[in-house]
Structure formats: structure tokens, C-alpha cells
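Following: one structure in C-alpha cells, then a few remarks.
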Amino acid sequence: MRADLKPIAITIGDAAGIGPEIIVKAFCQAPDQFDNCIVVGDQAVMQRAWQVVAAKTRSLPKPMPMNMPMQEELSIQQVGSALGQEQLPALGKISVVAGQLAADSITWAAQAAMRGEVSAIVTAPLHKEALSLSGVKFPGHTEMFQALAAQHLHTSIDQLPVRMMLANRELKTVLVTIHQPLRQAIDAITVDNILETLRITHRAELAFTGRAPHLAVAGLNPHAGEGGLLGQEEIDIIQPAIEIAKAEGMIVSGPWSPDTVFMRARAERGQPGAIDVVVAMYHDQGLIPVKYLGVEKGVNITLGLPFVRTSPDHGTAFDLAGKGVADPSSLLEALVLARRLAGVGFGA
């Protein structure tokens, strides 16, 4: 990582979930990765997470050391009014307090990134229902960051299209549609949306790797429509978008049958796949293959933002909250990738 880069902001996500705990556990496992990092949230929430992990591992001091040099501690950026112990949201429960704190943390980090005060943002998982209860109208991190960035740039959300990439060491996939009911997602699969996804993915991969990627587009229907026997979307919508992308100089193939394209793209035994990125039509089509390969190594990257944002490839895991057993591997992967992306100027 370049020495001149600004700090990385790590938002705590939902305070009632495993986010704060996996931040503490990741710090304990790889403290060097937290050099020049700021944890954005609430000190009492992080103190509780520290105590949970300390009780499980019996290797951490109690309470959490707050006055040591940055490289030896978690540096906390308090957002909003500090919570007292009696105000902490119950672990594993949906809470307006947790939703508001998650929203405030996202807002602080996004504004700091837009001002150039942080080089990247890593987000611990939030709970969408808690976020909604706090009054936020956006369904998740991706849409909220998009709106905050558009507001800062004095433009509309439509003028700042973003896409979700899920990646691990074996597979990368980008989604045409994100957090929508499936019926609505199908209606949102248009030539323009597919083409915008291809453009965003092409630019992002080119910036990160220095070469034009091979993008494979998954079909919507079984067997990619079987020449129209199982649906017309591939003929009427997906293929025209692919042809326009090719005319613009992108390396694009498809539409591929959704049940085989991910196997073609998978890197195995140290050998890269035949495809760099799969462009999937809807949320579960793209996320199931990546998560099946192991959520502990998956990372979510938001493409199209004017700053770097990564996150773990899992949710709040309310059933594990407070037990000190949650795996921090995906958060660490997200932090390592954020450093790499910030170091090459991705998102700038």
C-alpha cells in the first residue's frame, strides 16, 4: 500500500449482529492489516464486542484498550451520540438503534471518502429491516452509497450507476439487477441496463488489472432460452446488448447457459478460468455460485462509485451474535482487497 494513502474506514454494520465481533477478531488475527484504519461506529458497541471475543479466547485484556498507539489498538471514530451500556441494542435482535447507528456510520464514511479523507471503505454487514425501521429508504449499503455519492456530486442517482461484484479467488460475478423482487428484476433486465453493466465492469477490471477482461454474459432462461423455445429475452434483449458492447471494443461472449457459465469462469488449481467475469442477470443467479465456493473468502465490491468500497460476502448472522465464534475471514479478505484497490487508484 502506498505510504501517501489516507486511512481506510471500516464501518461496524449492525451493532446487534456479528459485525463488531468480526472486526475485533480480524484485528486480533492480523493487526498489521489495521494499520492506518479507522473503525466507524460507537465505542460502547466495540467495547462489548471486545469483551465477547476476550471471553471466548481468554487472550485479550478487559476492557478494550482505547489509549494505546493506533498500530496497537482499534482506532474508533464515534458517530452520533455515544451510547451508554443501557442503550446498547440487544444482540441478535432487530433494532431501530442499530439501524440508525449503521446508517450514521455509512453516512460518515461516505462523506469522508468524498472529501478525500479516507482512501477506501470496508463495511461490516448490516440488517436491511433494521435500516428500514430507522427511516432509511434504501434497501442496503450499495444503494445508500450510490445516493450519498450522487448527492455530494450534485447529480442524480441515474447519472451515477453502480453495480455489485462478488468475488473470491476462484470466481468473479457482476449483477445487472441487485436488491429487487425477482418479478421486478426481470422487468429491469433491459438492453440499456445490461450494456451499462458491461461498461462499468469493463472499466473497473481494466483499472484494476491493466488489461481488457473477457466478460461472459449469462442468459436469463434455462439453457439461455434454447433459441427462443424457452424464452425470448436472450434474443430480444441480451444478445443486442452484447453486440453493442463488442462494437465498443469490449471482449464479451454469450449469452451462456446459466448452469454452465460459472464453471467456465472458475479458476482451479492455480490456473485461471477461461472467463474473467460472469455478468449475471439477477441477485441469486450470480451470488449462489460465489457463496457456494465459500463465504469466508468472498468479497463484495461496489463498482461505479467514486471511491473504493468492499465488504464481506455474508450477513449479520444474528444467531451467532454475542458468541464470539463468527469467522472474520471474509472481512479480512475485504480489507486486503480494499488496500489493493486503493493502492492502484481504483474508484478515484
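The values are calculated or read from the model by the stated rules, or taken from the named source; none is laboratory data. Since this is a predicted model, take the numbers as computed values, not measurements. All Cβ positions, glycine included, derive from the backbone under ideal geometry; neighbour counts span all protein chains shown.
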Residues that are over 15 Å from the mean Cα position of the chain (by Cα) and charged (D, E, K, R), drawn from the range 167-204: 169, 170, 183, 187, 192, 196, 199, 203
Answer from 261, 336, 290 - the residue that is surrounded by fewer than 23 Cβ atoms within 10 Å (Cβ to Cβ), farther than 19 Å from residue 199 by Cβ and not small (Gly, Ala, Ser): 336
Those residues of the range 166-224 which are of a type in the set (Ser, Thr, Tyr), part of a helix (DSSP H, G or I) and out of contact with any strand residue (DSSP E or B) (no Cβ under 7 Å at 6 or more places or on another chain), in sequence order: 209
Out of 225, 219, 135, sole residue that is surrounded by fewer than 24 Cβ atoms within 10 Å (Cβ to Cβ), over 20 Å from residue 308 (Cβ atoms), touching a Pro at 6+ places or on another chain (Cβ under 8 Å) and among the small types (Gly, Ala, Ser): 225
Any chance residue 236 is in a loop (DSSP other than H, G, I, E, B), assigned by TED's automatic domain parsing to the domain that holds residue 284 and out of contact with any Asp or Glu (no Cβ under 8 Å at 6 or more places or on another chain): no
Any hit, the range 114-124, residues being free of Cβ contacts under 8 Å to residues at least 60 places away in the same chain and of a type in the set (Gly, Ala, Ser): no
Near pairs, Cβ below 8 angstrom, 6+ apart or cross-chain, from the range 181-208 (among the small types (Gly, Ala, Ser)) to any residue that is in a helix (DSSP H, G or I): 185/283
Those residues of the range 140-161 which are under 30 Å from residue 273 (Cα atoms) and more than 12 Å from the chain's Cα centre (by Cα), in sequence order: 161
Matching helices (runs of 4 or more DSSP H) fully within the range 10-119 where at least 2 residues are at pLDDT below 95 and either surrounded by fewer than 24 Cβ atoms within 10 Å (Cβ to Cβ) or hydroxyl-bearing (Ser, Thr, Tyr) (or both): 19-29, 43-57
Filter result for residue 206 (surrounded by fewer than 21 Cβ atoms within 10 Å (Cβ to Cβ), aliphatic (A, V, I, L, M), over 23 Å from residue 163 (Cβ atoms) and out of contact with any Gly (no Cβ under 6 Å at 6 or more places or on another chain)): no
